[in-house]
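Remarks on the structure that follows.
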Amino acid sequence: MPIKSRIRTIPHYPHEGIMFRDITSLLKDPVGYRVMINELVNRYTDKHIDKVAGIEARGFIIGSVLAYMLGVGFIPIRKKGKLPAETIGHDYDLEYGSDRIEIHADAIDKGERILLVDDLIATGGTAIAAASLIEKIGGKLVECCFVIDLPDIGGAQRLRDKGHKVFSLCEFEGE
């Protein structure tokens, strides 16, 4: 069962001309959700992952289940001001403005092998910021994992250009 067939496209959301790839249709499908998680578990079982880091919010849905199945800890990477203990943050540019994500300062022990997870890679801004945070606090980024890659937008390539490995379960080209 191809994962891509379970992801719906919502035209012109949130802006005219955008084809939004919505994984909620995959998440509500018990077979599709199980296939997605099983494919990721199979990929990472022998990669010696210490923790899975998920980017708010859909990265939490995928990453926490994946961490549980791999028998490792989960690290939330959140928008500014959402984590209660001491944090380290990274600012990054958006199409219109900027944003900041944060991670707990004690989330990773030096040298731990971290898998970064999110639902989709588009421009790569958030993922690059998250990867920077992981490395800043001493983690070794094993791979950046996404359900969807939009290769024409170039985010996955930007991550590769920074020396990171990238994996996605499916691609939507040309949009």
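We did not get these values from a lab; they are worked out from the coordinates using the rules stated. Note that the structure is predicted; figures quoted are calculated from it, not measured. Don't worry about glycine lacking a Cβ; one is built from the backbone with ideal geometry, like all the others, and counts go over all protein chains shown.
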So, in nm, how far is label Asp93 from label His15 when the simple model puts each one 7 Å beyond its Cα toward the Cβ? 1.4 nm
Between Glu171 and residues 5 or more places away or on another chain, which pairs have amide H atoms under 5 Å apart, with H built 1.01 Å from N, and which residues are they? Asp149
If each DSSP helix of 4+ residues adds -39,500 (n - 2.57) and the sum is divided by the residues in the chain, what number results at 222 nm, nearest 500 deg cm²/dmol? -8500 deg cm²/dmol
HN-Hα J in Hz across region 8-24 - Karplus 6.51, -1.76, 1.60, θ = phi - 60°, x for Gly and Pro: 8, 10, 10, x, 6, 10, x, 9, 3, x, 8, 9, 6, 9, 9, 7, 4
Identify the residues of region 31-57 with backbone N under 19 Å of a label point that sits 7 angstrom from the Cα of Thr24 along the Cα-to-Cβ direction, or state none. 31-34, 55-57
For region 116-129, take each phi angle, set θ = phi - 60°, evaluate the Karplus expression 6.51 cos²θ - 1.76 cosθ + 1.60, and give the result in whole Hz per residue in order, putting x for glycine and proline. 9, 10, 8, 6, 8, 10, 10, 6, x, x, 5, 5, 5, 5
Whole-Hz ³J(HN,Hα) for each residue in region 84-94, computed from phi via Karplus 6.51 cos²θ - 1.76 cosθ + 1.60 with θ = phi - 60°, x for glycine and proline: what do you get? x, 9, 4, 10, 10, x, 9, 8, 8, 8, 10
If you average the alpha carbon positions of region 117-159 and of region 30-68, how far apart do those two centres end up, in angstrom? 15 Å
Label model pair Glu173, Thr45: point-to-point distance (7 angstrom along the Cα→beta-carbon line) in nm is 3.1 nm
Highest average packing first - 80-87, 137-144, 148-155, Cβ atoms within 10 Å: 137-144, 148-155, 80-87
Enumerate by residue number the chymotrypsin sites (Phe, Trp or Tyr not before Pro) in region 44-124 meeting two conditions: DSSP loop (anything except H, G, I, E, B), and at most 10 other Cβ atoms within 10 Å of the site's Cβ. Tyr96
If Rh is defined by the Kirkwood formula over all Cα pairs and Rg also comes from Cα, what ratio Rg/Rh do you get for region 103-146? 0.96
Checked region 6-88 against the a/c 1.5 cut and the a/b vs b/c comparison, axes a ≥ b ≥ c from its Cα gyration tensor; verdict oblate
Taking Cα atoms of region 47-171, Rg/Rh with Kirkwood Rh, to two decimals? 0.93
